1. Scattering from the C-alpha atoms of region 15-64 alone, worked out with Debye: what is log10 I(q)/I(0) at q = 0.19 1/Å?
2. Express in nm, to one decimal, how much length is gained between residue 62 and residue 47 on full extension, taking 0.36 nm for each residue of separation and deducting their alpha carbon distance.
């Protein structure tokens, strides 16, 4: 799951990414779930990063922090 929006008063995010299931990647926005291949997931990551940084500069600290796998979890799985 991605980092929660810092302006969300409930402390939970309305945008999440889920891995696994019938599709390798699901982008969840609100109540919508968008299944995609790994290639489309990476393409979305690159497109958003390029578009946001081109207009708004560097990512804020909360967005730049990377989530680390917990002990026993495989990175990238």
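1. -0.71
2. On the way: separation 15, 0.36 × 15 = 5.40 nm, distance 1.92 nm.
Using 0.36 nm per residue and subtracting the Cα-Cα distance, I get 3.5 nm.
Coordinate-derived values only; no laboratory data. Because the structure is a prediction, the values reported are computed rather than measured.
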